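The values are calculated or read from the model by the stated rules, or taken from the named source; none is laboratory data. Just so you know, these numbers come straight off a predicted model, no measurement behind them. Backbone-built Cβ (ideal geometry, glycine too); neighbour counts: all protein chains shown.
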Amino acid sequence: MKDKMCPLCSGLLFKIITKKFRGSDGSRSIVKCKGCGLVYLRPPKTFYENKEYYDNDQQLRDLAISDFDFEEYIKKINTDTLRRVEFITKIIKKDSSILDVGCGYGYFVKCLSDSGYKIRGVDTSRERISVGKKKFDIDLVEEYIGGEKKIDKISDRESYDLITLFHFLEHSSEVDSVLSYLFDKLKKGGKIVIEVPAGSDYLLLNKNYGQFVYQEAHSIYFKRKHLEIFLKRNGFKKIKTMYIQRYSILNSLNWIFRGKPQLVNPSRKVTGFISMVDKLYKWIVCKLAVSDTILIIASK
Ligand SMILES: [Zn+2]
């Protein structure tokens with residue numbers, strides 16, 4: 001029964017948005033709940049499907065055939081990682097303990113570790129954890145967080161001042177179990193920082209962009225109000241939401257006029273005169289709450 005209900009309001013009525021999306025095999029749909037408006041993948045993925053998906057991740061397969069360029073990958077995620085590091089160092093003291101959930105290879109963990117923070121990363125992908133440990137020599141643990149089949153390798157006595165989830169929560173079909181589990185792992189007064197792709201992104205109205213952004217890997221497309229309800233009902237308070245535009249105006253224009261992303265590395269940063277236009281563009285979409293990303297911070 002649970003797999004027929006909306007994960008937020010348990011409603012049974014929905015409208016199909018699309019059956020055609022990235023990675024789709026036709027057995028699932030992206031739907032919008034008629035009760036609360038949440039957009040989600042229906043039916044949800046099971047623990048085993050999720051685990052298999054991440055163990056068979058394309059990036060990992062590329063890695064196995066040895067032409068995965070790690071340095072190139074780091075370059076690609078550098079802008080986002082540095083933005084996150086800058087944000088975190090502003091909100092937390094140096095002697096704080098941090099847990100990064102869905103850490104991937106652990107580049108963010110490494111950057112904060114280098115700045116003197118005590119930080120541990122967890123990820124469900126065995127490959128990524130083992131590669132990250134070798135490359136960076138940091139504290140990484142393989143763990144599946146969320147759902148009944150949780151592999152709990154983090155000591156029960158372990159607790160944190162800050163827990164970060166960068167583009168993790170939208171992959172989970174068990175948002176409530178993830179949040180209540182992490183609430184328990186936080187010290188009193190501790191903070192949680194969550195970054196997700198925004199369900200309120202205006203470009204989702206573009207059919208091609210929608211078919212690209214909606215994907216098998218994502219279980220939920222959060223709007224601000226949805227994420228706030230999930231957080232509140234799992235005990236979090238002092239919730240503050242920020243809008244971020246990760247991709248540049250060039251990438252958006254390519255979607256609007258050519259129906260595809262910018263060809264060479266969809267840019268998050270642009271240079272020269274266009275950078276001023278880009279800055280203005282990003283400011284406007286964030287101000288109007290229709291940007292591509294939501295960042296939320298809440299306390300225990
Ligand atoms: Zn609902």
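Only one of the numbered conditions (1) surrounded by fewer than 17 Cβ atoms within 10 Å (Cβ to Cβ); (2) modelled with pLDDT of 95 or more is violated by Ile296, and that is (1).
Filter region 12-36 down to residues that are assigned to a loop (DSSP other than H, G, I, E, B) and surrounded by 16 or more Cβ atoms within 10 Å (Cβ to Cβ) and give me whichever is nearest to the ligand (Cβ to nearest atom).
Going residue by residue through region 12-36, those that are assigned to a loop (DSSP other than H, G, I, E, B) are 12-13, 19-21, 23-28, 34-36.
Checking the rest, the ones that are also surrounded by 16 or more Cβ atoms within 10 Å (Cβ to Cβ) come to 21, 24, 28, 36.
Values: Phe21: 20, Ser24: 22, Arg28: 17, Cys36: 3 Å.
Applying the filter and picking the extreme gives Cys36.
Beta carbons closer than 6 Å, at least 6 apart along the sequence or on distinct chains, pair a first residue in region 273-284 that is within 11 Å of Gln245 (Cβ to Cβ) with a second that is part of a helix (DSSP H, G or I) for Asp278/Ile249; Tyr281/Ile249. When restricted to residues that are exposed (fewer than 14 other Cβ atoms within 10 Å of the Cβ) and part of a loop (DSSP other than H, G, I, E, B), region 279-293 contains 1.
Within region 37-49, restricting attention to residues that are assigned to a strand (DSSP E or B) and not β-branched (Val, Ile, Thr), which residue is surrounded by the most Cβ atoms within 10 Å (Cβ to Cβ)?
Going through region 37-49, the residues assigned to a strand (DSSP E or B) turn out to be 39-42.
Now restrict to residues that are not β-branched (Val, Ile, Thr): 40-42.
Values: Tyr40: 26, Leu41: 23, Arg42: 19.
Per the criteria, the residue is Tyr40.
Among the residues of region 188-239, the one identified as part of a loop (DSSP other than H, G, I, E, B), buried (at least 22 other Cβ atoms within 10 Å of the Cβ) and touching a Gly at 6+ places or on another chain (Cβ under 7 Å) is Phe222. Consider Val122 carefully, then state whether it is within 19 Å of the chain's Cα centre (by Cα), farther than 16 Å from Arg84 by Cβ, among the β-branched types (Val, Ile, Thr) and crowded, with 19+ Cβ neighbours inside 10 Å. Against the criterion (within 19 Å of the chain's Cα centre (by Cα), farther than 16 Å from Arg84 by Cβ, among the β-branched types (Val, Ile, Thr) and crowded, with 19+ Cβ neighbours inside 10 Å), Val122 qualifies.
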